[in-house]
Every structure is written in C-alpha cells, then in structure tokens.
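Inspection log for the structure reproduced underneath, given as structure tokens.
The values are calculated or read from the model by the stated rules, or taken from the named source; none is laboratory data. Since this is a predicted model, take the numbers as computed values, not measurements. Neighbour counts are summed over all protein chains in view; Cβ atoms, including those assigned to glycine, are modelled from backbone coordinates with ideal geometry. Heavy atoms of the whole protein, side chains included, go into the accessibility calculation; ligands, DNA and RNA do not. Shrake-Rupley method; radii C 1.70, N 1.55, O 1.52, S 1.80 Å.
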Amino acid sequence: MSGTRDRQFDVVVVGGGPGGSTTATLIAQAGHRVLLLEKERFPRYQIGESLLPSTVHGIGAMLGVTKELEEANFPVKRGGTFRWGTNPEPWTFTFALSRKLAGPTSTAYQVDRARFDDILLKNARRHGVEVREEHEVLALEEEGGRVCGVRFRDADGAEHTVRSSYVVVAAGNTDSLYKTVATRELSDFFRNVALFGYYEGGKRLPAPNEGNILCAAFSDGWIWYIPLSDTLTSVGVVMSRDRIDVLQRGREEAMEQFIASCPLIADYLSDAHRVTEGMYGKLRVRKDYSYCNTSFWRPGVALVGDAACFIDPVFSTGVHLATYSGVLAARSINTRLKGELTEEACFTEFERRYRREYELFNQFLQSMYELNRDESSYFWEARKLLGTEQGDAQAFVDLVAGVSGPDRELFDSASRHPSNQFSDALQQASRPEVMDEGDLVFQGSDTRLLGDVLHEATDLQVRAALADTPELLPEPDPQFPGGLVPSRDGLHWRSQATAVSTADSAAGQ
C-alpha cells in the first residue's frame, strides 16, 4: 500500500480505545470498509476504570459485547459512595431506585481497561473492521481543504499513505492530530493534577456496594478508590495545582502523605500494599486533564472521545463520553456514505449532541466542587440543571448514571415487549421505594421520566432492548429545533419529516 493514492477504505479510524472501537464497529455494521490504526499492541495499560450503565447496557448491546462483558467477571458497580461536602459520614447513591431491581440496567462495571479495551477491539475485528496494531498515524492528508486520508508508520517502520472518505481521530488526549481540526481550550475551573497507582489487599465497602467507586474529599482535594477485583484497587489523588509542590518531594512520598491526610481512605488501605511491578507498578501523574476543543469536526474528519474533550473524573464519564461520541460520529458518517443528508447537517447534529452532553457534566461537576454543601444540595442542583420536576435524588442518579430515564413513549414501547428483561427493569425503576437504613433514601410520588435531557443515552438502551422488534420504537423528536433524529437501526440520521413519513407509510400497510 506504500505510495498509493487510491481509495481503499471508506473510513480510517485512528485509535483503538473505546471511542475508536465503537465508531469503527458501528460503521462496519452499516456495511462500510473500515481501517483502524492503533499505535500500541493490545492489551495495554489505560487509566479510567469505572463505567456507567448507559455504556454497558446501551452501547455495549449495540456493539454486541454484552455476553463478553458478563463473562469477564468485572466487579459489579451498583452506584457510588461519597465522603463529600459537609456531611462527615459517607453517603451512597444507587443506580437502581431499590435493591429489588434485578434488571440488567441498574448496574455497571469497574473494569480493567486493558481487558475491557481488548474486548471492544476484538469485537471490531469480528464485525469486519481491518485492525492494524503497532501502526502509528503521523499526519492527516488533505486536498482542497478537506481531510482525505492519513499517513502512517507500520510495525516495521515503513511509511504508507491511505485514502478514505472520512477519518475519525480517537487517539486520546496526548495525540496532536486534533490540532488539524481545532484549538484545545483548558478548563479555567478544573486546573487539577492527578497522581494515581494501584494497591493489593485494600478493604471493600459493605455488601451489596462492595463494587462501588468510593470518592473521598479531604483538605488537599479528593481521592478515588475503585475496586478492580477482589484484591486490586485503583487509587488516585486529584489535587489543585497549588498543591503540586508536594509532588516535588517524590511521587511515593506524596502519595503516602495524601492518603494519610484522608482518614477514610487510609483506613481502607491500612492492610494493603502498593503494586510495584508489571502494568500497574507505576505511580503516574496527569495534569490539566479537563478541556474542550473549539470544534469537533471539519470536512472529512471527526474527533471522538478524549481527542475532542475530557472532564474531571468525579463521575466516571470518560468512557461514557468516548463511546457516546462514537455512536454519534458513526451515525453521521454512515448517513453521508449512504448519500443522504448534507455533511453540514449530519456533523452539526454530532457536535451539538456531543457538546451538550459534555457541558451538562461540566456544569454539574462545578457545583460538586462547592464542598460547603451537603448531598441534598447536590441532588437539588442536578434537578435544577436537568429542568425536571422529578425528585432531587432521582435527578441526581439519572445524571450520574449517564441516562435520564426514557420518555413516556419509549417506556410504553419497552413495556409492551414482554419477552425482554429490559422492560421488567424499566417497570421496577419507575417505582421509588425506601431503601434500608444507612443507604440513600429515594421516595416520593413523582415518577415521571425525563424527555430530552440525556435522552439519547436512554434511547440507546431502549433500542438495544427492542433490537429484534424495531417497529415498536416510536418516532423520536429532535433534540434541537430543526435537528435530526436516529434511524430505527440507530446507525443513521434522518430528518424528522422523513421519519414521520416513514412511520405513516408503515402504519398504512
């Protein structure tokens, strides 16, 4: 392929992480030729181990990896536990409104990213994506102001050029290819530094929350505590830049000092030891990791996942935003390759939805950093931000789970599908019940489900539930005036007028 200028692929995806694998798989599912170039050899280390239900049960089902994730025996995550704000005692939020919820949508996973990412990459191969590992993309190729391919170096060091109709950059936060598309703007609010490592033998939260993420605020910032197995725990300190002086004493000493300053985490690690060998043997540092690019696309190329934006990890949104943006990008590219709608319409929809999701978490996380409040205040903030009349606690859970609950039409459609376990989960999720003493209590009579904010993540879950009977899906409304809506297969965009016309035709048959 060296030196050729002939188009050999419809799409080139740069990067094999969750964003890249998701995009590539969904484009291949639509019948297009996809080349994925990944500069490393999987499995490889990656930070970001905590998933949200919308990723597991919505996008995971679309990708066809539900069984693989179940068989991987990742720790089950039912929610999160926080020592945060003015409340001196830890408090817990649960994705399900009750422990009685047995459906698959009420949980997520804590994952070893090396294994999780490998599952997604292998799944892309199974769907026909040509995956080449240890292939580094050096530059984007352009003609007439449009990206038309990439130049890359293969595993043997030889350089090649390949043409394509579209390029998707999903190469993470450190790759510089995004500069061809936009300027990166660092957050003025989240100018933080993270120091993180891994420990063997740490304690676990009491059952059934032993798989929860534990976040504890202390005088210098906050600490995450994520169980990756029965014995392995990811521990990270997020500190403001004015405490970076502690790092100058050495990472080991700094980690020990921060942990000692947080009694809750110190207790959980009292019988543990830090891993010092292998993939998890390093103490790593990441700086200025909250940012957003000025644009997420330009003609011929789209930015996905960390290549486009990243937000503070309090609520584990990294993989959620990466895979969600992959779905949006795949829809836009599939629609254009099919010769439908304009590029401007497709990618404006991609950017507006992606940017809206990012901004929603960005605004809410800023309120979470106001530590002179208690949990009820954070719940109220979530409800205000979502613009819903439902209970404060339910709004909080919907937000941090990556879903807002399906609208009434989607709820009714799923409930009419008696053979699907998802419908049972939805039925139970609509009934708030008081939980056991010591847990966060959800109660109240308002069980109305949100309509449009974070609607897309929930829509993905319902589409996965009704994959065998897509005719039961109602026609969605656009998120934005004059915007587009997903096709019934979830892989394309349609204008609302086309969607309504198609629905009317089907109803008349």
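Within region 251-278, the residues that satisfy the criterion of being in a loop (DSSP other than H, G, I, E, B) and without any contact (Cβ under 8 Å) to a residue 40 or more places away in the chain are 276, 277.
With respect to residue 124, determine if the residue is at pLDDT 95 or above and touching a Ser or Thr at 6+ places or on another chain (Cβ under 7 Å). In short, yes.
How about region 114-148: which of its residues are out of contact with any strand residue (DSSP E or B) (no Cβ under 7 Å at 6 or more places or on another chain) and open to solvent by 20 Å² or more (accessible area, probe 1.4 Å)?
Correct list: 115, 118, 119, 122, 126, 127, 128, 134, 143, 144, 145, 146.
Just the residues that are in contact with a helix residue (DSSP H, G or I) (Cβ under 6 Å, 6 or more places away or on another chain) and either among the basic types (Lys, Arg) or open to solvent by 50 Å² or more (accessible area, probe 1.4 Å) (or both), please, taken from region 333-354. Of everything in region 333-354, those that are in contact with a helix residue (DSSP H, G or I) (Cβ under 6 Å, 6 or more places away or on another chain) and either among the basic types (Lys, Arg) or open to solvent by 50 Å² or more (accessible area, probe 1.4 Å) (or both) turn out to be 336, 341, 353.
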